[in-house]
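Reviewing the structure listed below.
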Amino acid sequence: MKHTVLILNGPGLADLGDYEGNRFSTLTLESISDDCETRCNELGIDLDFRQTEDYDELFRWIAKDSEDFDGVIINPAARAAAAPETADSYRSAIHLVAQLNKPVIEVHIDNIYRRSAENSYSRHEPEGDMGFICGFGKLGYTLAISSLARRFEKNAAA
């Protein structure tokens, strides 16, 4: 059975050259997408890779489109400094995916916990099959894909 993965990228990731004082000046979302496509092809997984600058669209994708995929990887990007109502909408959307019993992995390019306390957010995600990867640059995406692939294999063997 061929599995499908949805990778969603939130606001601020379209232009990584301006990210964190240009620390990632050579990194592009296109290169991340290419790496993800390569890894999925190696593992026999179909991929839908998306990015939006609109949180409402991101939340709609999480809540509605996640149903059509076997696993979801999300980089909500600037959510770490977002208003509480945005964080609440994100948690609600993730909760809907958790109810579908689908694995979700949140990925961040940078280590979000290295930032100041006012920019960090508390990790109060809903119970369910959710993982978290941060601080590994674009490698975090392929780590997440590999993790989902192992989960799919484990579930198929059960």
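Assorted remarks:
- The one condition in (1) over 23 Å from T4 (Cα atoms); (2) at pLDDT 85 or above; (3) surrounded by fewer than 14 Cβ atoms within 10 Å (Cβ to Cβ) that E53 fails to fulfil: (3)
- Every pair of residues 6+ apart whose Cβ atoms lie under 8 Å, when the first sits in the range 140-158 and is under 20 Å from L29 (Cβ atoms) while the second is among the hydroxyl-bearing types (S, T, Y) and crowded, with 20+ Cβ neighbours inside 10 Å: none
The values are calculated or read from the model by the stated rules, or taken from the named source; none is laboratory data. None of these values were measured; they are calculated from a predicted model. Cβ atoms come from the backbone with ideal geometry, glycine included; neighbour counts cover every protein chain shown.
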